[in-house]
Amino acid sequence: MKKILVLLIAAALIFSLTACTGEEPTEKTGSVYWFNFKPEADAALQNVAKSYKNQTGVDVKVVTAASGGYNTALIAEMDKKNAPTLFVVGNMESLKTWGDYCYDLRGTSVFDKLNQDIILYNEDGSVASIGYCYECFGIIVNKDLLGKAGYSIEDIYNFETLSAVASDIHKRSGELGFDAFTSSGLDSSSSWRFSGHLANMPLYYEFNDRGVNFQVPSLTGDYLYAFKNIWDLYINNSSVTGASLATATADMATAEFTERKAVFYQNGSWEYHKLKEAGFTDDELQMIPIYTGVPGEENAGLCSGTENCWAVNKNASEEDIKATLDFMDWLVTSDEGTKVMTEEFGAIPYEGAPEDANLFIKNASEYVNGGKYSVSWDFNLTPGVEMWRMGLVDALTKYSAGLSDWSEVEKAFVTGWEQQYKIENQ
């Protein structure tokens, strides 16, 4: 009876104090600690953190890692009592390190607003991280030269039509004064376009068939015929071919395109400003998908993705996780948040985001808005990426010079993947 009386008195005192002050007991609010990947965005993010605090009362701390030192610095930060609540997990290497720390973002408000398939999954199917900006790559077209050859963009909508146009331009290159494709150089400055970006095409279609969204120990190679289709088209319809490709550089390909010596140039949205500086107008350019001969590719869009992906620390308190998710949602929905995000990171893959000035990003959005599917960056799942790519480039170099047949490329692709997976996961 005494215990009950004490509890009643305590409750009365709390009620009395609340009534006197006129204040309700407040819920505990969380805070945000963003460990930022991009040094060049630090000043803007510090300002946005202050603005968000003024508007919501929620503390946002932004700490930026030194350029090139993010992973090492993140290890140290995660070991602290007040660890980051928001950090970057952008590729398979990072996912293997930090996947167990990632809060499952599936079903969150910010996840539901994604309009591009820029997602990294844990092996259990949980959403480990999501892109907060994106780039795209495909085949950049000089529409003026294409018109001079008697064609338009509308004439190209799959591999068959791309092949017909490119082959005709190459045959008439002497009279036209330009060729179909820029050089597909296999020098280290250029080869990443093919061992990474072009190799993404057979990976994407295989993984899509298999329902794969995580690194796998082996490949079927079912779509390597498509890789061969496009590679042969590139190297047989250019002014640089055969053994010369071994030493052809990225600068050579850029010069061929900017000097109006080729119609088609495989590259990405990051080239836009360089092409503008070279005197191109938006009316002269367009990026089209990399068509490879896969059935149904008429419905394909550009290859869109990034390694700039947000992850939320699942070991943070419930309040901090909620605060972090609310902050992320604000960044991709509010006028102020989206303005900062697009100015600092470029295009952001969220519904209602402002349009990016980059023409090629606009092209990517146009394909999506027209009902086309985006091709995801599945090369991010490559095991032992540097060694695997080296093997693939070596095989492509020998094949292009006529020193081996395509089976060696297939071996480098499939067997090389399996070998690197075993090494990485032993």
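The values are calculated or read from the model by the stated rules, or taken from the named source; none is laboratory data. Every value quoted in this text rests on a predicted model; they were computed, and no experiment measured them. Here the Cβ positions follow ideal geometry from the backbone for every residue, glycine too, while neighbour counts run over all protein chains shown.
I'd like to know if segment 339-354 contains one or more residues that are in contact with a helix residue (DSSP H, G or I) (Cβ under 9 Å, 6 or more places away or on another chain) and modelled with pLDDT of 95 or more. No, that holds for no residue.
More than 21 Å from Y291 (Cβ to Cβ), touching a Gly at 6+ places or on another chain (Cβ under 7 Å) and surrounded by fewer than 20 Cβ atoms within 10 Å (Cβ to Cβ), is that true of V385? Against the criterion (more than 21 Å from Y291 (Cβ to Cβ), touching a Gly at 6+ places or on another chain (Cβ under 7 Å) and surrounded by fewer than 20 Cβ atoms within 10 Å (Cβ to Cβ)), V385 does not qualify. Candidates in segment 80-89 are the residues that are surrounded by fewer than 22 Cβ atoms within 10 Å (Cβ to Cβ) and touching a residue at least 12 places away in the same chain (Cβ under 8 Å); of these, the one that is nearest to P383 (Cα to Cα) is A83.
Residue by residue, here is whether (1) closer than 30 Å to G30 by Cα; (2) over 18 Å from the mean Cα position of the chain (by Cα); (3) crowded, with 17+ Cβ neighbours inside 10 Å holds:
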{"residue": "R106", "(1), (2), (3)": "yes, yes, no"}
{"residue": "L114", "(1), (2), (3)": "yes, no, yes"}
{"residue": "Y157", "(1), (2), (3)": "no, yes, no"}
{"residue": "F178", "(1), (2), (3)": "no, yes, yes"}
{"residue": "S184", "(1), (2), (3)": "no, yes, yes"}
{"residue": "S188", "(1), (2), (3)": "no, yes, no"}
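Which residue pairs have Cβ atoms under 6 Å apart, sit 6 or more places apart or on different chains, and have a first residue in segment 193-212 that is basic (K, R) and a second that is surrounded by fewer than 23 Cβ atoms within 10 Å (Cβ to Cβ)? Qualifying pairs under 6 Å: R193/Q266. Scanning segment 211-230 for residues being crowded, with 22+ Cβ neighbours inside 10 Å and more than 23 Å from the chain's Cα centre (by Cα) gives a total of 0.
Residue-wise test of (1) more than 28 Å from A353 (Cα to Cα); (2) assigned to a strand (DSSP E or B); (3) outside the structural domain of N213 (by TED's automatic domain parsing).
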position: F111; (1), (2), (3): no, no, yes
position: L120; (1), (2), (3): no, yes, yes
position: D124; (1), (2), (3): yes, no, yes
position: S129; (1), (2), (3): no, yes, yes
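Provide a single number: the residues in segment 143-160 that are touching a residue at least 24 places away in the same chain (Cβ under 8 Å) and in contact with a helix residue (DSSP H, G or I) (Cβ under 9 Å, 6 or more places away or on another chain). Summing the residues that are touching a residue at least 24 places away in the same chain (Cβ under 8 Å) and in contact with a helix residue (DSSP H, G or I) (Cβ under 9 Å, 6 or more places away or on another chain) in segment 143-160 gives 11. From the list V312, V294, the one residue that fits, being touching a Phe, Trp or Tyr at 6+ places or on another chain (Cβ under 6 Å) and assigned by TED's automatic domain parsing to the domain that holds D222, is V294.
Return yes or no: is E77 in contact (Cβ under 8 Å) with a residue 12 or more places away in the chain, buried (at least 22 other Cβ atoms within 10 Å of the Cβ) and among the charged types (D, E, K, R)? Here the answer is no, as E77 does not meet what is asked.
One residue is enough: does segment 140-151 have a residue meeting the conditions surrounded by 16 or more Cβ atoms within 10 Å (Cβ to Cβ), within 27 Å of G211 (Cβ to Cβ) and outside the structural domain of L105 (by TED's automatic domain parsing)? Taking every residue of segment 140-151 in turn, none turns out to be surrounded by 16 or more Cβ atoms within 10 Å (Cβ to Cβ), within 27 Å of G211 (Cβ to Cβ) and outside the structural domain of L105 (by TED's automatic domain parsing).
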